[in-house]
Each structure stands twice: as C-alpha cells, then as structure tokens.
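Below is one structure, written out as structure tokens; comments come after it.
The values are calculated or read from the model by the stated rules, or taken from the named source; none is laboratory data. What you are looking at is a predicted structure, and each value in this text was computed from that prediction instead of being measured. We place every Cβ from the backbone using ideal geometry, glycine too, and count neighbours over all the protein chains shown. Protein only, heavy atoms only, side chains kept; ligands, DNA and RNA dropped before computing areas. Shrake-Rupley method; radii C 1.70, N 1.55, O 1.52, S 1.80 Å.
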Amino acid sequence: MSLPQSFMDELRARIGLAALIGRRVRLQRKGREHQGLCPFHNEKTPSFTVNEDKGFYHCFGCGAHGDAISFVMETEGLSFPDAVERLAAEAGLEVPKPSPEAAAAAARQASLLEVVEAAAAAFEGALASPEGREARAYLEDRGLRDETIAAFRLGYAPEGRGFLAQRLGAEGISSEQMIEAGLAKRDEGSGLLREYFFGRVTFPIADRRGRIVGFGGRRMGEGGPKYLNSPDGPLFHKGQLLYNLGRAGAALRKGETRLLLVEGYMDVIALAQAGIAAAVAPLGTAVTEAQLESAWRLVDEPTLCLDGDEAGRRAASRLVERALPILKPGKSLGCVFLPEGEDPDSLLRKQGRQGLDGAFEREQPLAELVWQRAFGAERPRTPERWAALKSLLLGEAGRIGDAGVQESYRAYLLDRYYAARRQGRTAPAASRDRGPQRRPLARKPHPDGQRQRQERELMALLLNHPAQISAREEEIALHDLQSSQLDRLKSATIDCIAACPELDREALQRQLSSLGYAALVDQVLSSAVYALCAAARPEAPEDQAGRMLETLLAIFAKGRAVHAVEEAEARLAADPNEQNLACLTAAKGDLEAAERRIEALAAA
C-alpha cells in the first residue's frame, strides 16, 4: 500500500502518540518523554518510553520500536492498511486511494517543492547582489547579523515584476509551475504572468519537515500591504502553518523548555538571535485551532506573547474564543502581556534579554484570561449583575469540549466568583454603599461629581459627533458608565451606529428619540454641558471632538486600571501566591500605561 508522504505526515501529526499509547499503557511524564511498563514483554521496572516530539516509542528492554501505526498493528493485530484506516478515521482524514492519479499528485508535489526551493535560492542571491542593497540596510537597521540572515535564508524580491520568471525560466521552470507553486498568477485582463513578490524582503516559510512551501514578504517602502504571504495552494496553507516550527521543535528537543507564540517573523528571528530559538508565529492572522494543535504537539503549554495595550487584550480574547473548545487534559496556554507599545523584537533591542525575562515572570494561565475577560475591571454592584457574571462564567466553561477539563474550569471559575462575592460582603459598610472602595483616597482619579460630568460630556460628544464612534467603538463600549441611564443611552447609540454607520447627528438623535430616549437626549445636550466642554457642541470641528473623546476615554481607562489594581491587591492580601502577585504586577503596568497616555494627550 503506497500512500502520499504528505498524507502520512498529516496522519502522524494529528494522532497524539502519548494519548494513543496511554489507552493501553499507564504512562508517566519524565522530562520531555513519557515512561511506562512495556506492553510487548513482561517487566516490573519501566523501560518503555514514548517520545511525542519525535513521534516514536522505544523499549530498552525488548527493543520494540515504532510509531503510531506500528503500535496499532502490534497491539491490535491489524495489517498496515487496516491500521492506517483505523487511525485516519480517528483523525478525521480520508485515506487516499492508490491510483495513477495519486502517484502523479505525489510526483507533482515533489516537483513544486523543487520550484519553491529554487525561488528561495533566487531571492537569497538577489539580497546579496547590488540591487539588494536597500533590503540589506533594512535588515541591518533591524539589528540582524549576517549569520542570522543566512540561517533564516532571508532574501529579496527586486522591484518590478519579471525577476523570478527570468531566473527560474533559466532553470527550465515553466510559468505554469510558478503559478501552481504560488509564486505568480495570470492577469485576468492581459493574460500576462504577474509575480506575487516584488520590492519586498522575503521570508521562506517551511512545513513541519523543514521543506520550504511558501514565502512571506515585507515591503520596505510605501504602497501595498506591509506584509504579504503566498496564496493557499497545493503546498501552502496559511491557517495550518507556523513560521519557524521545525527549528522550534529542534530547540525544544535540545533542552529549551518554553515555546513562544509571537506575532510575526521579525519577532521570531530577533528571539533566535538573542538565543531563544523555540519561538513560532502565525502568518499574519490570529492563531488558528490548527496552529494551536501544532504547538501542542511540541509542548503542553505554549506561551503567547502580546502587546499590553487594548489591541493585545483583544487578541487574547480572540485566543480564548478559539482555544476553549479544543482544550484537552494537560494541554493549555499561557499569556504574557509585554509593556504597551512593545513587541519581543523592540523589547529585546531596548532592554535586552533581561527585559524579556522580566515579562515572562508575569505569565498568566489561560484560566486567568477567561476570568479576567468575564469579570472585567469593575466589580458587579447589583444582584442581577452578579447573576449575569455567574451565567457568563458557566457559559465559558461550557464551551470546552473535554468533559474533564470543562469540570475543572467550572470549579476554578466558581471558586473565583465566590471569592469575589465574599470580598464584597466583608467590605466596610461605608464602602458598600457604592460598591467596594479599597483604593487610598489620594489614588482616586476624580470625585463622583466630576465623573458624572465627564460621562455627560462623553454622551454629548457621541450624540453630536457620531462619526467619531466607529473608530473607537470597542473602547467606548468597554467603559461602563456610573449612571445607569447614560450607560443604556450609550449602548443604544453604539447599536444605532453599528446598524447604520452613515447616520449623521440629526438622524441619530431622531432614532434615539424614537427608542424612548428623547428626554435623556435633551438633558445631555444642554447649555451646561456645552459651557464646560466646547468640543461637545455640534458646531465644534471633528478633530477637536476627536481629541476630547480620546482624552475622556483615557481618563475612564485610568479609572478602570485603578479599580483593577485595588482588586488585585485585595486578592493578593487574601491569598498570597505567585498568580495573584502576577495579576497585581500586570494591573499596575496597565495603570502606568493609562497615566502615560493621559500625560501624552495633555502634552499634545
């Protein structure tokens, strides 16, 4: 039975070897391997090991050795075809039928791999040539050394199309082969060959076996998207590949213990140059389920590195959405939020390895991200909101497919929930009137009266300048207003703009009035508000309104951050542990970032 190598690679990748063997053998983790009593001979001392990274088992007692397929053949008495059929059904794969067409497809894939390899060599040569001078200067400005550039086979696609067709054509590679390999396409109008990469630094992207299957390209100047990837095709599948996966796996096998999931190519390369080789990156998009599965085959808990700003928080939230349904026992994620405005590349250049190691000390587990996402920055103040929080937490746990992990999350999240409720009940009576108020008096960003005024100013800005809403919709929605009436008006305003982004001031106010907010709209749009906030007036310039809106949102963000610090301090006081200390450190970092944002706006 002859099967395509690509199918066999995918089958072995999808089958967790330790999980498969663990159904018959009681395994215990020993470092990077699993160990147990050999199922092929009687023994009292374990000599049977399973190496998930390398995909094989081995017994030092009887010499039994093989992979997932051979294990099923030996333990279940199946033939090779039957074992493949059994595992393919479990992995959700269809076994290719032996045919001349399948053999031709395998040969075609091998040929396309040669085409892409030839393109990589051509790009490398262009980088070293005189026309690659600008690209080399760009990489040098990014701090990359010659040996790093060579190790990652970085290249350059010169400006103007036709470079690759000329180079590959000289090697006997046809235009149709270039198209099928994802290097070019036919112009629909003229029928001319159009290459995908030109005027870009190129980053070869390899599959898990280390074979180059496509490219990423980074434009150095203006025009066109900053990053561009090869199109999906016979070799390249963007949502399934991770940049640097092969090197990262090799580094882990040599002793590195942490796998980093970072944002982009340059982060991976900068980390490798700093001595951290076990880092991978998605290809310009959010991490997919398939990419998580690939990372889990290397380590049980990869660490996601994100910017500590709102964009980073949103990325973490998207990761929670994708990860929860596919969690398995022992398979999870950690998350590190870097200082605002920094990525691993920039942090390494500014602070060196010490700065990055300091960020790793604040790593948070996935379960903490789930809690923070649901709880938010402000404690619920009514029984109804507490009930809503509990329902949300149970809903998050219910999204987990594995029953055992789901039960563990339910227990963890409910423990956090009831601990938060107990903290609220034990607050002093004076504090309970307006919810827990543990912050020192000097740390209050503003008195309640000032907050109420600012909330009215915010709503006046939104009602008179609806064009400002779309660009900041997520941040506006993030802040709950202390006035329940204004908070409902804010939500209705956002909903109206979301449904019809082209609404102008008058149309928006008419629609809100039709929804029963007429009196409240009139109350907000008062001369008293305009006297204190000229930018909220309907005739105020849009740029003035935008700056004022940005300032108010920054002030509210600081208030949220102050409250988050209070909560983290209370949790640490009630239960001193590393996790709660990390949460407090992160909360203080958010507060510092919010204060810097306000200072920057004031100085602008």
Legend entry - Filtered residue count, the range 567-583, keeping only those that are in contact with a strand residue (DSSP E or B) (Cβ under 8 Å, 6 or more places away or on another chain) and surrounded by fewer than 19 Cβ atoms within 10 Å (Cβ to Cβ): 1
Inset, instruction - Looking for whichever is in contact with an Asp or Glu (Cβ under 6 Å, 6 or more places away or on another chain), outside any helix (DSSP H, G or I) and not charged (D, E, K, R) here; the options are VAL299, VAL213, VAL280. Which one fits? - result: VAL213
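To keep it simple, each residue is scored yes or no on (1) surrounded by fewer than 16 Cβ atoms within 10 Å (Cβ to Cβ); (2) closer than 18 Å to PHE80 by Cα.
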residue	(1), (2)
GLN5	yes, yes
GLY22	yes, no
GLN28	yes, no
LEU37	no, no
Inset, instruction - Could you identify the single residue in ARG194, ARG218 that is open to solvent by 40 Å² or more (accessible area, probe 1.4 Å) and either touching a strand residue (DSSP E or B) at 6+ places or on another chain (Cβ under 7 Å) or closer than 18 Å to LEU113 by Cα (or both)? - result: ARG194
Inset, instruction - Grab the strands (runs of 3 or more DSSP E) fully contained in the range 1-95, keeping just those with 1 or more residues being touching a Gly at 6+ places or on another chain (Cβ under 7 Å). - result: 28-30, 48-51, 56-59
Legend entry - Residues of the range 221-264 satisfying the condition of being touching a residue at least 60 places away in the same chain (Cβ under 8 Å), more than 29 Å from GLY31 (Cα to Cα) and open to solvent by 30 Å² or more (accessible area, probe 1.4 Å): PRO234
Legend entry - Flag if ASP522 is out of contact with any Asp or Glu (no Cβ under 8 Å at 6 or more places or on another chain) and either modelled with pLDDT under 85 or more than 23 Å from GLU473 (Cβ to Cβ) (or both): yes
Inset, instruction - Scan the range 377-425 residue by residue and report those that are touching a residue at least 12 places away in the same chain (Cβ under 8 Å) and not in a helix (DSSP H, G or I). - result: ALA377, GLU378, ARG379, ARG381, ARG399, ILE400, GLY401, ASP402
Inset, instruction - Answer yes or no: is there a residue in the range 42-59 that is modelled with pLDDT of 90 or more, of a type in the set (Val, Ile, Thr) and in contact with a His (Cβ under 8 Å, 6 or more places away or on another chain). - result: yes
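Residues checked against (1) closer than 30 Å to LYS558 by Cβ; (2) modelled with pLDDT of 90 or more; (3) open to solvent by less than 10 Å² (accessible area, probe 1.4 Å):
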| position | (1), (2), (3) |
| --- | --- |
| ALA281 | no, yes, yes |
| ALA286 | yes, no, no |
| GLU293 | no, no, no |
| VAL299 | no, no, no |
| ASP307 | yes, no, no |
| GLU310 | yes, no, no |
| ALA323 | no, yes, yes |
Legend entry - Of all residues making up the range 493-532, the number that are farther than 20 Å from ALA467 by Cβ and over 40 Å from the mean Cα position of the chain (by Cα): 12
Legend entry - Matching residues, the range 472-509, being at pLDDT 85 or above and loosely packed, with under 13 Cβ neighbours inside 10 Å: ASP504, GLU506
Legend entry - Meets criteria (more than 28 Å from GLU340 (Cβ to Cβ), of a type in the set (Gly, Ala, Ser), touching a helix residue (DSSP H, G or I) at 6+ places or on another chain (Cβ under 9 Å) and open to solvent by less than 40 Å² (accessible area, probe 1.4 Å)) for ALA564: no
Inset, instruction - Kindly provide the set of residues from the range 50-86 that are at positive phi and aliphatic (A, V, I, L, M), ordered by number. - result: none
Legend entry - Members of the range 283-296 found to be in a loop (DSSP other than H, G, I, E, B) and without any contact (Cβ under 8 Å) to a residue 60 or more places away in the chain, listed by number: THR285, ALA286, VAL287, THR288
Inset, instruction - Within the range 331-352, work out how many residues are among the small types (Gly, Ala, Ser), modelled with pLDDT of 85 or more and assigned to a loop (DSSP other than H, G, I, E, B). - result: 1
Legend entry - Residue pairs meeting the criteria (Cβ under 8 Å; at least 6 apart or on separate chains; first over 17 Å from GLU180 (Cβ atoms), in the range 192-215; second charged (D, E, K, R) and at pLDDT 95 or above): PRO204/ARG153
Inset, instruction - Confirm whether TYR409 is open to solvent by 20 Å² or more (accessible area, probe 1.4 Å), among the aromatic types (Phe, Trp, Tyr), modelled with pLDDT of 90 or more and over 30 Å from GLY275 (Cβ atoms). - result: yes
